[in-house]
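The values are calculated or read from the model by the stated rules, or taken from the named source; none is laboratory data. Keep in mind it's a predicted model, so treat the numbers as computed, not measured. Don't worry about glycine lacking a Cβ; one is built from the backbone with ideal geometry, like all the others, and counts go over all protein chains shown.
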Amino acid sequence: MLIKQGESRIFVSSMEKIIKMLEAGRLLLAPTDTIWGILCDATNPQAVEQVYALKKRPDSKAMVCMVSDIEMLKKHLDDLPRKLDQYINDHRPTTVIYNHPKGIANNAIAQENTVAIRIVNHHFCTPLIQAFGKPLISTSANISGAPHPQKFSDIDIEILNGVDHIVAMDQEKTNGQPSRIIKIEPTGEITILRD
């Protein structure tokens with residue numbers, strides 16, 4: 001992230017405040033590498049439950065976790081298939097559905113014991129996750145069934161009022177393309193669900 005002279009202290013100060021909120025199980029509204037998202041600690045089941053409640057979404061629909069790098073990803077999986085290298089090292093945001101995750105809140109894991117995780121490359125989310133030291137839930141900032149907001153001004157007032165903190169960044173930008181979605185089959189084969 002490019003920080004002008006005098007801005008670094010503000011960024012660090014606000015980052016510390018945000019980390020304390022995440023540690024307390026609070027919800028954030030923030031830009032991500034794909035769309036505006038509702039973020040929370042992916043290891044805290046109470047925080048995850050608040051996200052489901054805010055979105056009015058059944059908890060049978062698992063949500064995406066963001067990690068900052070490959071090392072954090074490995075901490076939450078028993079095995080990382082080598083075939084994935086070309087996808088997770090690509091510049092395009094890529095979400096992978098992994099089998100048998102560990103260290104993630106149970107209500108963030110799908111019924112078939114899978115979890116969707118993306119290594120995020122973003123000027124705000126990456127340093128936040130690195131500083132927090134744990135994965136974050138990232139789910140679209142909309143009520144379940146409603147269209148995904150293309151920009152901050154499209155976000156429903158119910159979502160705006162339902163989070164604990166709104167990150168004042170990139171609010172004029174229009175969202176980029178959604179992430180590619182890949183699933184690792186029980187056989188180890190890779191299926192591309194969305195390219």
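Test Ile181 against the stated conditions and say whether it is in contact with a Phe, Trp or Tyr (Cβ under 9 Å, 6 or more places away or on another chain), touching a residue at least 12 places away in the same chain (Cβ under 8 Å) and either among the charged types (D, E, K, R) or surrounded by 11 or more Cβ atoms within 10 Å (Cβ to Cβ) (or both). When the stated conditions are applied, Ile181 does not pass them. The residues on offer are Val120, Val96, Val115, and the sole one that is touching a helix residue (DSSP H, G or I) at 6+ places or on another chain (Cβ under 7 Å) and either over 24 Å from Met21 (Cβ atoms) or polar (S, T, N, Q) (or both) is Val96. Screening the candidates Gly6, Gly25 for the property of being surrounded by fewer than 22 Cβ atoms within 10 Å (Cβ to Cβ), of a type in the set (Gly, Ala, Ser) and at pLDDT below 95 yields one hit, Gly6.
The rows are residues; the columns are (1) within 21 Å of Tyr52 (Cβ to Cβ); (2) among the hydrophobic types (A, V, I, L, M, F, W, C).
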{"site": "Arg92", "(1), (2)": "no, no"}
{"site": "Val96", "(1), (2)": "no, yes"}
{"site": "Gln111", "(1), (2)": "yes, no"}
{"site": "Ile159", "(1), (2)": "yes, yes"}
{"site": "Ala168", "(1), (2)": "no, yes"}
{"site": "Glu185", "(1), (2)": "no, no"}
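When the stretch 157-171 is filtered for residues that are surrounded by 15 or more Cβ atoms within 10 Å (Cβ to Cβ) and farther than 22 Å from Val67 by Cα, the ones remaining, listed by number, are Ile159, Gly162.
Counting only residues that are on the phi < 0 side of the Ramachandran plot, touching a residue at least 60 places away in the same chain (Cβ under 8 Å) and part of a loop (DSSP other than H, G, I, E, B), how many does the stretch 91-118 have? Number satisfying all stated conditions: 4.
Residues in the stretch 41-78 that are in contact (Cβ under 8 Å) with a residue 12 or more places away in the chain and of a type in the set (Asp, Glu): Asp41, Glu49, Asp59, Asp69, Asp78.
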